[in-house]
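Following: one structure in structure tokens, then a few remarks.
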Amino acid sequence: MASERITRDQAVAPFFVGVDVGGTNIKIGIVDDRGNTLAHTAIPTDEALGAEAAMQRSHDAIASLLSELALTLEDVAAVGLGSPGSMDIPKGLILEPPNMPSWRYFPLRDTLSKLCGKPVGFANDANAAAYGEYWIGSGRQFNSMVMFTLGTGVGGGIILDGVSLDGSHSFGSELGHIIVDSRLDARLCVWGGGQGQLEAYASAPGVVARTADLLAAGRESTLTARVAEGELTSFMIYEEAERGDELSLEVIVETARLLGIGIVTVVHAVDPEAIILGGAMDFGGHATATGRMFLDRVREEFQARAYHVVRDTVTIDYATLGGDAGYIGAAGIGRSLYQRSGS
């Protein structure tokens, strides 16, 4: 589900820009003071050309979007920028993003700020998506929430009393690195290291790796014929689960169990009102039997393990903003910066 689109005449000033940097594309949106989208676009990241070139193209895309709305950068109060980690948020630096070697140790925030002539709020991309859901998505009725993003990795964002938790080392809310399996032979994260961490089990590559191991061990599955024709993917596993394949369903149920364990750990640590599940790997969400089953199993695991004070009061549900959450949340973080400045 995407965010609501409005016309220029329906918008409430001031206006904010959100920039959501990804390994493949950079999503950019113009957002009003209520979080509604006036216009949005996506441009190729072109990682090999470097961060400076990408920020210049982002600026150009922002200017083009504003022009379509008969606006200019003078009408923009602030910009928000979400970026993959690792990062140094106080200094505005992107440090060592795993899949973006040409972007290392670059002053991303200040470069975009200079190009646009505007203050720029800076956040981890998953934290930005979480802020989007908090501002106008599934978390909008809560003062505090935690979001888990399930995709090529497991990311997260923690919002407490309206403040995104960045941490002392700009490493706050890295929920994929929660330990859910302490055995000596626990799985390693597919990105290297990270033994027993949630990302090794609940990311799309983790789900694929666990399924491949079961197939290699001789387990029967309708996936076998499909793998013979192409690469195994988490979406393929979801499709076969929808058709009733027992192995695919078993893997998804185990994923829900381990995610539930991670959720209990976070809830016991920060006591949020809600847990929101986002990212591309939602197994169809509320719209499919597999997605509904996955959410039910996550809730069951939480209920079985959580302390009674929070067991019956924490909401667990899917995100609603889809791929728009990142740029909307980035714009919201820019808006928060603008409000704190007293402008």
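Structure data summary
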item	result
Degrees separating the helix 204-216 axis from the principal Cα axis of the chain, which is the longest one	20
Simple Cβ-charge dipole of the range 64-153, Lys/Arg +1 and Asp/Glu -1, about Cα centre, in debye nearest 20	160
Largest to smallest principal axis extent of the C-alpha atoms in the range 142-319, angstrom	50, 34, 25
Fewest-first ranking of TRP191, TRP103, using other Cβ atoms within 10 Å as the exposure measure	TRP191, TRP103
Residue-averaged [θ]222 nm for the chain, counting only DSSP H segments that reach four residues, each worth -39500 (n - 2.57)	-12000 deg cm²/dmol
Hz values of 3J(HN,Hα) by residue in the range 61-70 - Karplus curve (6.51, -1.76, 1.60), Gly and Pro given as x	5, 4, 4, 5, 4, 4, 4, 4, 9, 6
Simple Cβ-charge dipole of the chain, Lys/Arg +1 and Asp/Glu -1, about Cα centre, in debye nearest 20	560
Cβ crowding within 10 Å averaged over residues, with 17-23, 294-300 ranked highest first	17-23, 294-300
Size-normalised alpha-carbon gyration radius of the range 2-57, reference 2.2 N^0.38 Å	1.29
Amide H contacts under 5 Å for PHE122, placed H, 5+ residues apart	LEU81
Positive-end extreme of charge dipole, the chain - chosen from VAL19, LEU184, VAL76 (charges on Cβ)	VAL76
Angle between the chain longest axis and helix 125-136 axis [Cα atoms, degrees, rounded to 10]	80
Sorted peptide list for 104-110, 261-267, criterion being average Cβ within 10 angstrom, highest first	261-267, 104-110
Under-5 Å amide H pairs with THR45, H placed in peptide plane, nonlocal only	ASN25, ILE26
For q = 0.07, 0.11, 0.12 Å⁻¹, Debye-computed log10 I/I(0) when each Cα of the chain counts as one equal scatterer	-0.29, -0.72, -0.85
Ranked list, fewest to most other Cβ atoms within 10 Å of each Cβ, for GLU96, GLU231	GLU231, GLU96
Rule-of-thumb Rg ratio for the range 17-88 [Cα; 2.2 N^0.38 Å; N residues]	1.10
Hz values of 3J(HN,Hα) by residue in the range 255-268 - Karplus curve (6.51, -1.76, 1.60), Gly and Pro given as x	4, 4, 4, 6, 5, x, 4, x, 5, 4, 4, 5, 4, 5
Hz values of 3J(HN,Hα) by residue in the range 318-333 - Karplus curve (6.51, -1.76, 1.60), Gly and Pro given as x	7, 5, 10, 8, x, x, 7, 4, x, 6, 5, x, 4, 4, x, 5
Mean shadow area of the range 104-160 over all directions, Cα convex hull, nm²	5.2
Electrostatic dipole magnitude of the range 142-319 [Cβ: Lys, Arg +1; Asp, Glu -1; Cα centre; debye, to 20]	220
log₁₀ of I(q)/I(0) at q = 0.12, 0.19, 0.21 Å⁻¹ - the range 1-137, Debye sum with one point per alpha carbon	-0.43, -1.09, -1.31
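Each value in this text was obtained by applying a stated rule to the coordinates, not by laboratory testing. Here the structure is a predicted model, which is why all the values come from computation and not from measurement. So basically every Cβ, Gly included, is an ideal-geometry build from the backbone, and we count neighbours across all protein chains shown.
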